[in-house]
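This report concerns only the one structure given below.
The values are calculated or read from the model by the stated rules, or taken from the named source; none is laboratory data. Bear in mind the structure is a predicted one, so any value in this text is a computation, not a measurement. When we count neighbours, we look across all protein chains shown, and the Cβ atoms used for this are built from the backbone with ideal geometry, even at glycine. Just the protein is used for accessible areas: all its heavy atoms, side chains included, with ligands, DNA and RNA removed. Shrake-Rupley method; radii C 1.70, N 1.55, O 1.52, S 1.80 Å.
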Amino acid sequence: MARGGDVSDQASRPDKMRTFADAMGIPESEQRITPRLSPESVDELRQCVLECRTLVTRDPNSYRMDRVAGSYVRSEETGQMLAISGPPAHALDVEVSAWVSLWKMNQVIAFHPSDQIVTVQAGMPLIALNEFLRKENFEIPVGLNDKSQGSSVGDFIAMNLPHWNLAKSGSWRDWVVKMKIVLASGEVIVSGADVVKNVSGFDLHKLMIGARGTLGVIAEVTLRIRPASALREYPPLWLNHGELFLTNREGLKAAMEYIRPMITPDEDGFAMEYHVDEESCLLLVESLRNSKANTVFDHARYGHVWRSHVGKFALPEFTETQQRLMKRTKEIFDPTYKLNPGEFGFI
Amino acid sequence: MGAYNDSRMDFAGLRSKLRADQVLDGSAAVRAYDCDAYTVDRSKPSVIVLPESTSEVATIVWWCVSAGVPFTCRGAGTGLSGGAMPALGGVVISTKRMNQILEIDIENRCLRAQTGIANRRISDAVKADGLHFAPDPSSQSVSTLGGNIGENAGGPHTLKYGVTVQHILGVTMVDPLGEVLEIGGKLGCGPGYDFLGIICGSEGTLGIVTEAWVKLTPIPSVIETVLVAFPTIRSATETVAGIIATGTIPAALEMMDRGIMNAVSMAFGLEYPAEAQALLLVECDGESVEAVEAEIESVRAVCEGNGCLEMSVAKDEKERARLWMVRKKGIGAMGRIAPSIVTHDGVIPRSKLPEMLDFVYSVASEKNIGVANIFHAGDGNLHPCFYFDDRDSVQVEKVVEAGEIIIRKCIELGGSVSGEHGIGVEKMDLMPLMFTPADLEAQAMAKRIFNDGELCNPCKVLPNQRGCAEHRMRWRGVAT
Ligand SMILES: Cc1cc2nc3c(=O)[nH]c(=O)nc-3n(C[C@H](O)[C@H](O)[C@@H](O)COP(=O)(O)OP(=O)(O)OC[C@H]3O[C@@H](n4cnc5c(N)ncnc54)[C@H](O)[C@@H]3O)c2cc1C
Ligand SMILES: Cc1cc2nc3c(=O)[nH]c(=O)nc-3n(C[C@H](O)[C@H](O)[C@H](O)COP(=O)(O)OP(=O)(O)OC[C@H]3O[C@@H](n4cnc5c(N)ncnc54)[C@H](O)[C@@H]3O)c2cc1C
């Protein structure tokens, strides 16, 4: 077993997890104890992937860490895949041999200011990378820039959530130029090159962006960077419950209409918090109280919604074609469903 | 692939599904479709079909699959790596007649069109609304939306606005089995795997994109263009890195060398300073005059710091067009100097431009062939343009060799085999220089998501495909 992967050493539940699980009222007997592995090199990561029957890549700080995946749920009535749902109530129950956290793989590997490129280990917290870059007068204008959040570069890329600078700076796809990936087979592969423009076959690294670690574990990433600018300070996405709307101009109007009753203070002066970026047509709303209101928003017409914590009220997100292609992709890249089982509903 | 034999097929089944005017098979036609703008390798199709809709494309693909006949999609055929060459013969599916705009949504800044539409026509259709389709390959007046998607085409304004993939919201694609898939849409892609990301740039090997939703971008209200002359190649290449380092991202940052200037002077009578060895064309754009002028000032400072000879500023549209002439007509002008030209394509980290250009000239002089450079300097995307006579097989060999040496150097410097022209058949054998067998196997896995067979644009992109090696000699041999 890889170093850092000593089961006895890792088996004790981290306090943070205990607190969370306790807070959620899960009886201690039902709190699963899963070994946590923290590889220190690509080779150790590869060992983890080879030796585990199933594994989940998780940030040590992840708010979802006491439950496997669980971010996608299937509708009880139709069996259809639904949008993000947070833990714990609606999590999928999947057996996991180990959690792998890349927190010890947190270094800058190469920094080329004149080419505006940086290569980092995927476990480096985005905050740390941004701090490093800011000292050198550079920045990466994607991600959430949330100071309270310790998520790693690998997490952000694997999630590929819409962000406040989307309209101006695009998504991670526009900034990742190369990746080193550990596939489910244990094969370590590279896709892309240290250049800003590149057509060289099938762009695997693009397939990994937003795949939530279900097709491979991102080990290293090479990113474009740019000279620091006066970037807007983003409101954090650190919300216990929330919905993130990525829509178009028409949809933004409709979404605003839809949340209006909830952002208008009630008689106790309570109003839901929300943030909007008109240029990116992005809207983040905290804690939608009226779950029924979800159905009012016409997704097919207006766009995508990422949700946490709405459980079975989450609305269908994937088309039938998208689901079928995703399943096929999963079966090619991870035929035993080893990586992040449960994520996207893959069990 | 051995089972398929062109000469025994009569294609009657296929003909029965289309009108007579939608099938071409005369000897002139099959010769016209035996290569794209990369003319070194050629292979004739048996028939060319001209579908008009997604369902016709699906019918054609379905027929090909059931008959075991290979098929290759073709847009305008301006590809520069042999992507549209029917490597194993069979059917060429031309999108020539699929050139309609289907829906325009100005408020949401997007448009849906059939993929045979020429790139330029998309922008023309929404110009009055102050919008355009940002990818602008130099071939844009003819090259098609489908071909741009196929090659993930870039252009002079890629530096600021990005390549094709960044402007595609969704596609309708006929997959290699003839099934119609809708991927993404008017609203782009939501959560889930990014299939658009691998379809763009897959050179027609994952299916035939028949319609696409494209993003429309506002035309900037302020544009400043300058053409700067430099006494040496090095002073120009160092200026490129210098400009980028200031944080200014010009809309375009293009470089042309003396060879290109001479060709353009001869062809169009334009004059450039006699001592100039290189020109940089720099364009900055934005919404406010002050911001754009500040950018131009910072560009000017870097140019002067590197000892530029002269800086011409466009005062109006007419002058801008004149400054762009050397970039836009450069390759065409080269075509007048020699019977044949081959424009190579490679990318390197920008800081390596000075070293790389020295290398390109030394390779050309070693091989004793002519070279001129005209390229997307801001992206580090080289286009050494070799001129030669393709009737002389010795020269052809030298040009191919020189291209390979240059690409090897690009990879050695941390770059890539191709920045925008793709792999096609031209660079298949160079892929292993950049990727390990495991990397390539993983790419083959990505291909299998859509294409698990051997009929849809066979023998492209990935090396060592089954049944392809024995055809290579034939492709090279038929240039008659
Ligand atoms: C509506 C909404 C509400 C949200 N609420 C919260 C909240 O309350 N608190 C909060 O912190 N964030 C929240 N987020 C943000 C989001 O969940 C995180 O920001 C996201 O980036 C992942 O962080 P995490 O630490 O939870 O990652 P994790 O859940 O640990 O990981 C994210 C994904 O990335 C994968 N992954 C991680 N590392 C790798 C790697 N190296 N290679 C491949 N895959 C990898 C994981 O397997 C997982 O699938 C919310 C987002 C939305 C849309
Ligand atoms: C003078 C000149 C200048 C050029 N300048 C540039 C430039 O600045 N930037 C740049 O990137 N390229 C440039 N090119 C190369 C070429 O124009 C681009 O690659 C262009 O995108 C090809 O479009 P096409 O319609 O001609 O495609 P084709 O050559 O017909 O096809 C290209 C590839 O795409 C596939 N394909 C075509 N249509 C479809 C479809 N509907 N669905 C799926 N696959 C399809 C084909 O199978 C083939 O593999 C230039 C070429 C020339 C001759």
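Structure above, values below:
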| quantity | calculated |
| --- | --- |
| Rounded to the nearest 10 Å², the accessible area of B:CYS189 at probe 1.4 Å | 50 |
| Relative contact order for chain B, counting Cα pairs under 8 Å that sit 6 or more residues apart, in percent | 16 |
| Reciprocal of mean inverse Cα separation for the stretch B:101-218 (Kirkwood radius, Å) | 14.0 |
| B:LYS427, B:LYS318, ranked by accessible area, largest first (probe 1.4 Å) | B:LYS318, B:LYS427 |
| Theoretical gain in end-to-end length, A:ARG226 to A:ARG301 [0.36 nm per residue, Cα-Cα removed] | 23.5 nm |
| Pairwise label distance in nanometres, B:ASN464 with B:ASP392, each label 7 Å out on the Cα-Cβ vector | 3.7 |
| Inter-part distance where the stretch B:109-186 and the stretch B:238-315 are each reduced to a Cα centre, Å | 28 |
| Percent RCO, i.e. relative contact order, over the stretch B:366-457, from Cα pairs under 8 Å lying at least 6 residues apart | 15 |
| Helix B:353-367 axis, angle to chain B major axis (alpha carbon atoms, nearest 10°) | 70 |
| Radius of gyration and maximum dimension Dmax of the stretch B:258-407, Cα, Å | 17.0, 56 |
| Amide proton proximity set for B:CYS73, modelled H, under 5 Å, gap of 5+ | B:ILE93, B:ASN457 |
| Using a Förster distance of 25 Å, the FRET efficiency for B:ALA438-A:LYS327 (Cβ separation, nearest 0.05) | 0.55 |
| Dimensions in Å of the stretch B:196-303 - Rg and Dmax from alpha carbons | 18.3, 51 |
| Nitroxide proxy distance, nm - points 7 Å out along Cα→Cβ at B:ARG408 and B:GLU297 | 4.9 |
| Which listed pairs, of A:LYS338/B:LYS186; A:LYS104/A:LYS327; A:LYS180/B:LYS186; B:LYS328/B:LYS367, have C-alpha distances above 30 Å, in listed order | A:LYS338/B:LYS186; A:LYS104/A:LYS327; A:LYS180/B:LYS186 |
| Relative pair counts by distance (%), Cα atoms of chain B, 20 Å bins | 24, 56, 20, 1 |
| Pairwise centroid distance, computed over Cα atoms, of the stretch A:185-225 with the stretch B:59-86, Å | 29 |
| Point-to-point label distance, B:GLU182-A:ILE109, nm (Cα→Cβ direction, 7 Å offset) | 4.1 |
